[in-house]
Each structure stands twice: as structure tokens, then as C-alpha cells.
Amino acid sequence: MKLRPYQQTWLNDIRKAHKDGHQGVIAQMPTGAGKTVAGIAEPCRLITKRGGRVLLLVHRDELVRQTADKLTRFGLTFGVIAAKWGRNPNPDALIQIAMVQTLRNRETTTPNYIIVDECHLAAAKTYTDIFDRFPDTMRLGLTATPCRMDGSGFEKLGTALVRGPTVTQMNDSGSLVPARCWSIPIAN
């Protein structure tokens, strides 16, 4: 797995935040920047290579599939804790993809690292209950939008924010295709 330079920088900044004493880190990158590769697949590879366990929290079945597809593409073995998937196909795998709604009511082995996809949702009680079950576990929250409309914070998830490149920086470097937008005419 070869990360792009901006993804490697982002991952290095996440590591630095953890080394600086932050148990939980919130990491932001724009949509299309490769959060699933740089923020999920690569950390999973590195952690499991040392025998560590990773718990990936998602909130929709579509994200279970997307994450499973990406991990499979990179040759990583995983289990799935999700009601729609039935019995976990690989409960002993070092990586477990879990729907928060399902995991909230199930037991699992204590992970060494928790990664939360779409972490702007992680202030909800379903997530905080899970964080409370694993109070000493390192955490990483991934999002393109590190804010909530209700104004609540992310203290239970993380105390550091690591920002990746902006959309403009990615467009300028050729990493993203510039967006073209259309709109209906607005009357005066």
C-alpha cells in the first residue's frame, strides 16, 4: 500500500498527536482524499502487524461494505459485528468492523485502537457508551466535517484535531478533480 505524500503527512501528524499525549485524535480530510486508505487500511495494517487489535466503528451498512471492500483489497483479514451480516464470519480476526448500534449490545475483545468513521456523529450516546467500555483504548476519529449542528463537542472521542490538505490545495496539486457546479437561476 503506497500512500500519497499528503496522506503520509496526515498519518504522521496523527501519530505525533498521539505521541504528544492525546489518547484520542480527530482527523479531518476532504471527501475523496483517501481517509479510508490512509486512516483505516494503513493503520490497521501497521497495528495488526504488531499483533494489535483494531475496532472500526461505522453507523451504516453501506460503510460496513465499503470498509470491508477496502480492507479486502489490501489483503487484510477482518470480522464483522453487524446484525444484518448475521453471525460474525471471523470473530477472532484482529480487525473487527462494527456497526455502533449492534456493538452497543454485544461483547467483544478489548481493542488496542478504535477508529471511528464519520466521527462527527460520535458525540451520540451509542458511541460514548462504547468509548466508556474501553476507557484506556487509543482512538482515531475520521471525518470531512469536524463539527456538529447541535454544538456538542468531541471530548470523549478526542482532544486533538489533525487537519489534512484543503480542497483547494488538493485541486492545485492535481490530487482532486476540480468540481463543476450547476444551479438553477435565482430570481431577483
Pull up segment 55-81, narrow it to residues that are surrounded by 15 or more Cβ atoms within 10 Å (Cβ to Cβ) and among the small types (G, A, S), then point me to the one that is farthest from T137 (Cα to Cα). A68
Count of residues meeting criterion [within 17 Å of A38 (Cα to Cα) and not charged (D, E, K, R)] in segment 157-188: 9
List the strands (runs of 3 or more DSSP E) that sit entirely inside segment 113-165 and contain at least 2 residues that are at pLDDT 95 or above, touching a Cys at 6+ places or on another chain (Cβ under 9 Å) and within 17 Å of I97 (Cα to Cα). 113-116, 138-143
Look through K2, K84, K35 and report the one residue that is open to solvent by less than 70 Å² (accessible area, probe 1.4 Å) and among the basic types (K, R). K35
Just for segment 137-156: of the residues that are more than 20 Å from A33 (Cβ to Cβ) and among the aliphatic types (A, V, I, L, M), which one is nearest to the chain's Cα centre (by Cα)? M138
Do we find that K16 is touching an Asp or Glu at 6+ places or on another chain (Cβ under 6 Å) and over 19 Å from K156 (Cβ atoms) in this structure? no
May I ask you to verify whether L157 is closer than 25 Å to Q66 by Cα and open to solvent by 40 Å² or more (accessible area, probe 1.4 Å)? no
So which helices (runs of 4 or more DSSP H) are wholly in segment 1-112 and hold at least 3 residues that are among the basic types (K, R) and either more than 19 Å from D129 (Cα to Cα) or at pLDDT 90 or above (or both)? 5-19, 61-73
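The values are calculated or read from the model by the stated rules, or taken from the named source; none is laboratory data. Since the model is a prediction, treat every value here as computed from it, not as a measurement. Neighbour counts run over all protein chains shown; Cβ positions are idealised from the backbone, glycine included. The accessibility values were calculated without ligands, DNA or RNA, using every heavy atom of the protein model including side chains. Shrake-Rupley method; radii C 1.70, N 1.55, O 1.52, S 1.80 Å.
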